[in-house]
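One structure is given below, encoded as structure tokens.
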Protein chains: 2
Amino acid sequence: MSGLRAFDLDPADLHPSLDGPAPVAVGFLNEIMARHPRAVSFAPGAPHPRSYADLDLGRHLQRFLTHAVQDLGHPPDAARRLLYEYGPSRGLINHLVADALHRDHGIRADPEALVITVGAQEALLLVLRALFRSATDVLAVAEPCFVGVTGAAHLLGIGPQAVPETDRGLDLDALLAACRAARRTGRRVRACYVAPDFSNPGGNRMDLDARLRLLRLAAEEEFLVLEDNAYGFTAAPGRELPPLKALDTEARVVHIGTFAKVCFPGARVGYVVADQRVRTPDGSATPLAAGLARLKTMVSVNTSPVCQAVIGGMLLEHGGSLAGPVGRRAALYRRNLAHLLDALDRQAAEGLPPGISWNRPEAGFFVRVALPVRADEALLRVSASRYGVLWTPMAPFYLGDGGDRALRLSCSYLEPERIEIGAARLGAFLRAEARP
Amino acid sequence: MSGLRAFDLDPADLHPSLDGPAPVAVGFLNEIMARHPRAVSFAPGAPHPRSYADLDLGRHLQRFLTHAVQDLGHPPDAARRLLYEYGPSRGLINHLVADALHRDHGIRADPEALVITVGAQEALLLVLRALFRSATDVLAVAEPCFVGVTGAAHLLGIGPQAVPETDRGLDLDALLAACRAARRTGRRVRACYVAPDFSNPGGNRMDLDARLRLLRLAAEEEFLVLEDNAYGFTAAPGRELPPLKALDTEARVVHIGTFAKVCFPGARVGYVVADQRVRTPDGSATPLAAGLARLKTMVSVNTSPVCQAVIGGMLLEHGGSLAGPVGRRAALYRRNLAHLLDALDRQAAEGLPPGISWNRPEAGFFVRVALPVRADEALLRVSASRYGVLWTPMAPFYLGDGGDRALRLSCSYLEPERIEIGAARLGAFLRAEARP
């Protein structure tokens, strides 16, 4: 304790997840965005402000209260109290979300198999906690991987193992090899995290054949698939693919979703479909969701019924489906993505150093750019201060030392003219600073 | 996997915290309350419905938006977007909560030393995760202990150690002995959880001398005090005692609070004051709260800004202090407690079996009753089905096998006439079923 005052804490005494790559990267990005408010930021994967235009919290709350009285039979005063009191840990709007999952995604889920969570992040934490019991359980993650997954695993002391993601999605041969390698060392792949549609940050998508093969693999190798559906809604009409959960006939898939992008992030409402059966001591079985709800009492007790009612009201207003408003939002995101890719192409036409390339996702929020130099925090500072453009380094999305020569561009919340300006600044930056 | 279908999960394969005493007890109580809707329930520590009478979500939101525009300088559209977008993990209303803590509790906290959490439960989880790094770190808890603490510890793989709570609060001699015993075995008491005011479920209170001695002990033995302030507000005027955090001159206390009881549970808004300094690599220091906010990105990302704004609006409406509305609520709870103790006394006057006694807390939500027989789930079923009265067994609040002959009565949300009826039913039940 040398040199410390009595009330100082030694950082080496705190849990290592506080300073894991995920939270540190998020903190760094927030700091640099605050320091460069006039830069064009391709960093945050935030929804577009226009998606808030039709939001009216009071109207949505009222719509839910009308439903609680007219459809659920609550006296008006009791309906109002639903918003104010504690509620069931499993949730208040499970029936509405289950209906919407069926209408919008072809997922058939018993409301009892759902838990309404504080965003998708809490759902991830609960599922990882429930499924991982011992150090012999391996969590396979598509790499690059959303930092919310690796961060939650770190918090729980679960060490994930990377399975590469290719332009066609998760590398299933590598996943199979990981399962076999684990078994040889007395361990097992317990679950595999994947975002089959326009993953964050990779931007990749699995085709239908790959989805079906992943499900077969899960059955053969006896692991669960943790499906993150955050960006599937951005697919173009006619180009939608069924989520893994809609194809899942053996309850191998735990499906995690959020209303952050399709409604609004401030609601902090997500959900998990966990219909896996768990035996009870009396010989019957309950869905895994019941266990997740018990765990939730130790994390957040229950998701705010006010927030659930706002989302429930939005669902009710659109006849139990979000297809209409979501379709309009998806079109906006595809428009932005097309703008970004066009603007990058124009920069390429004006000349860029060799070794710079990017993927061309059909949809989603993200584009990956490969550089011939390290895309680290130091380079980001240069980009911000000299060129007025921000992006996200890819390295924190890798477990090992991959991704150090790549960056992620997000175009979800910008207007086309800002995308244009940002791409021009990025071009200038790349021409000057990204020479091999 | 004998006898299991492919999609069944073996409960022995899931994390043990799913079936810890805390979540199982909560699940059992919910089930028995649902099965006996007409019973008088002394089980849940829920706020009184009258405390929702002056709630108007729209008005509170508007009040916060006015503040964001007039006092914080946001353009109106940006203020509105604060509610809809992601926000900082540390919170949006830290300045308002810090002000209220000073006015209402004498706690001086920099807004930077606060994190706004999804209720007190998330605050507990974050603090435990941050502070407990290795198996040599011991969490001491006042026993009987709020199940949210032991449940969160279990989820994180932290094994708590019990320190008895007496009628005068935490047994400080036992705590000192626990510190010394830990040190002798190469471990250390890293933190001690205590609710100094009308603890749940014990109903006990620490006097000022005991508070000061606990702080001295924390400094001498180098542990942190995790103070839970959920019930302090119920003290009678003139009988308030300073929270430990208001007496804390060495940043030994992490202070955890919630707006669930003083505003409403459905907001799911709590907070943690963590002003302990943690050194950064560049030699400066940040408050522990900054680390907790980083951890929060892996649990819930951020607390719903809609919910924060409702609470912020309520604070603003009352001039930055909740003393007025809280005082009225506290009076209601003390009235209920007096009714319950009077009604129990009348039952005693009519005769009760030997070996039945109860404590007489000055305030809070809870009364403890000692029985000459086991107050287990089987006895609760008898009480519910034959006598129409529910209570909470005390055993789940104990780490070991204590508390098996005690029950907890909560009177917070009932009307006096229901308390009267419930006490009469309880008397009949005790006379018939609690004979030694």
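The values are calculated or read from the model by the stated rules, or taken from the named source; none is laboratory data. These numbers were taken from a predicted model, which means no experiment stands behind them. Glycine gets a Cβ as well: all are built from the backbone with ideal geometry, and neighbour counts include every protein chain shown.
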Has the stretch A:368-383 got any residue that is of a type in the set (Gly, Ala, Ser), modelled with pLDDT of 95 or more, touching a Leu at 6+ places or on another chain (Cβ under 6 Å) and buried (at least 19 other Cβ atoms within 10 Å of the Cβ)? yes
Looking at (1) buried (at least 18 other Cβ atoms within 10 Å of the Cβ); (2) farther than 26 Å from A:Arg335 by Cβ, which one does A:Pro196 not meet, given that it meets all the others? (2)
Which ones in the stretch B:218-230 are buried (at least 19 other Cβ atoms within 10 Å of the Cβ) and either at pLDDT 95 or above or farther than 19 Å from B:Val262 by Cα (or both)? B:Ala218, B:Phe223, B:Leu224, B:Val225, B:Leu226, B:Glu227, B:Asp228
List the number of the failed condition for B:Leu124; all other conditions in (1) in contact (Cβ under 8 Å) with a residue 24 or more places away in the chain; (2) surrounded by fewer than 24 Cβ atoms within 10 Å (Cβ to Cβ); (3) under 27 Å from B:Ala330 (Cα atoms) hold. (2)
Give the residue that is farthest from B:Ala218 (Cα to Cα), with candidates limited to residues of the stretch B:102-126 that are assigned to a strand (DSSP E or B) and more than 10 Å from chain A (Cβ to nearest Cβ). B:Ile116
On the given criteria, is B:Ala293 surrounded by 24 or more Cβ atoms within 10 Å (Cβ to Cβ), under 18 Å from the mean Cα position of the chain (by Cα) and under 21 Å from B:Leu126 (Cβ atoms)? no
So is A:Ser321 crowded, with 19+ Cβ neighbours inside 10 Å, hydroxyl-bearing (Ser, Thr, Tyr) and under 22 Å from the mean Cα position of the chain (by Cα) or not? no
The listed residue being without any contact (Cβ under 8 Å) to a residue 24 or more places away in the chain and either assigned to a loop (DSSP other than H, G, I, E, B) or touching a helix residue (DSSP H, G or I) at 6+ places or on another chain (Cβ under 9 Å) (or both), out of A:Ala363, A:Ala378, A:Ala348: A:Ala348
Just to be sure, is B:Phe397 closer than 21 Å to B:Glu143 by Cβ and crowded, with 19+ Cβ neighbours inside 10 Å? yes
Output yes when any residue across the stretch B:120-134 is of a type in the set (Phe, Trp, Tyr), touching a Lys or Arg at 6+ places or on another chain (Cβ under 8 Å) and outside the structural domain of B:Ala22 (by TED's automatic domain parsing), and no when none is. yes
Does the stretch B:51-74 hold any residues that are exposed (fewer than 14 other Cβ atoms within 10 Å of the Cβ) and under 21 Å from A:Asp54 (Cβ atoms), and which are they? B:Gly58
Can you go through B:Ala395, B:Ala375 and tell me which one is within 18 Å of the chain's Cα centre (by Cα) and closer than 29 Å to B:Ala162 by Cβ? B:Ala395
If you take the residues in the stretch B:75-94 that are of a type outside the set (Gly, Ala, Ser), more than 12 Å from every other protein chain (Cβ to nearest Cβ) and touching a strand residue (DSSP E or B) at 6+ places or on another chain (Cβ under 9 Å), which one is surrounded by the most Cβ atoms within 10 Å (Cβ to Cβ)? B:Ile93
Taking the stretch B:31-50 and the residues there that are part of a loop (DSSP other than H, G, I, E, B) and more than 10 Å from chain A (Cβ to nearest Cβ), the one that is surrounded by the most Cβ atoms within 10 Å (Cβ to Cβ) would be B:Phe42
Subset of the stretch A:246-296 [of a type in the set (S, T, N, Q), over 30 Å from A:His48 (Cα atoms) and out of contact with any Leu (no Cβ under 9 Å at 6 or more places or on another chain)]: A:Thr280, A:Ser284, A:Thr286
How about the stretch A:136-191: which of its residues are in contact with a helix residue (DSSP H, G or I) (Cβ under 7 Å, 6 or more places away or on another chain) and either outside the structural domain of A:Ala230 (by TED's automatic domain parsing) or among the polar types (S, T, N, Q) (or both)? A:Thr150, A:Gln161
State yes or no: is B:Asp197 outside the structural domain of B:Arg328 (by TED's automatic domain parsing), of a type outside the set (Ser, Thr, Tyr) and in contact (Cβ under 8 Å) with a residue 60 or more places away in the chain? yes
Residues being of a type outside the set (Val, Ile, Thr), farther than 16 Å from B:Ala251 by Cα and either under 15 Å from the mean Cα position of the chain (by Cα) or surrounded by 21 or more Cβ atoms within 10 Å (Cβ to Cβ) (or both): count how many of those fall in the stretch B:265-290. 6
For the stretch A:349-364: of the residues being among the aliphatic types (A, V, I, L, M) and either in contact with a strand residue (DSSP E or B) (Cβ under 9 Å, 6 or more places away or on another chain) or in the same structural domain as A:Phe146 (by TED's automatic domain parsing) (or both), which is farthest from A:His48 (Cα to Cα)? A:Ile356
How about the stretch A:51-63: which of its residues are farther than 16 Å from B:Leu61 by Cβ and within 13 Å of chain B (Cβ to nearest Cβ)? A:Ser51, A:Ala53, A:Asp54
Checking the structure you have, find out if any residue of the stretch B:77-92 is out of contact with any helix residue (DSSP H, G or I) (no Cβ under 8 Å at 6 or more places or on another chain), more than 29 Å from B:Arg187 (Cα to Cα) and of a type outside the set (Gly, Ala, Ser). yes
Among the residues of the stretch B:60-70, is there at least one that is within 24 Å of B:Ser385 (Cα to Cα) and either in a helix (DSSP H, G or I) or more than 21 Å from the chain's Cα centre (by Cα) (or both)? no
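Just to be sure I understand, how many residues within the stretch A:310-320 are of a type in the set (A, V, I, L, M) and either within 9 Å of chain B (Cβ to nearest Cβ) or free of Cβ contacts under 8 Å to residues at least 40 places away in the same chain (or both)?
Qualifying residue count for the region: 1.
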Subset of the stretch A:258-300, residues closer than 19 Å to A:Leu61 by Cβ and either facing chain B (nearest Cβ under 7 Å) or out of contact with any Ser or Thr (no Cβ under 8 Å at 6 or more places or on another chain) (or both), comes to A:Phe259, A:Ala260, A:Val262, A:Cys263, A:Phe264, A:Pro265, A:Gly266, A:Ala267, A:Arg268
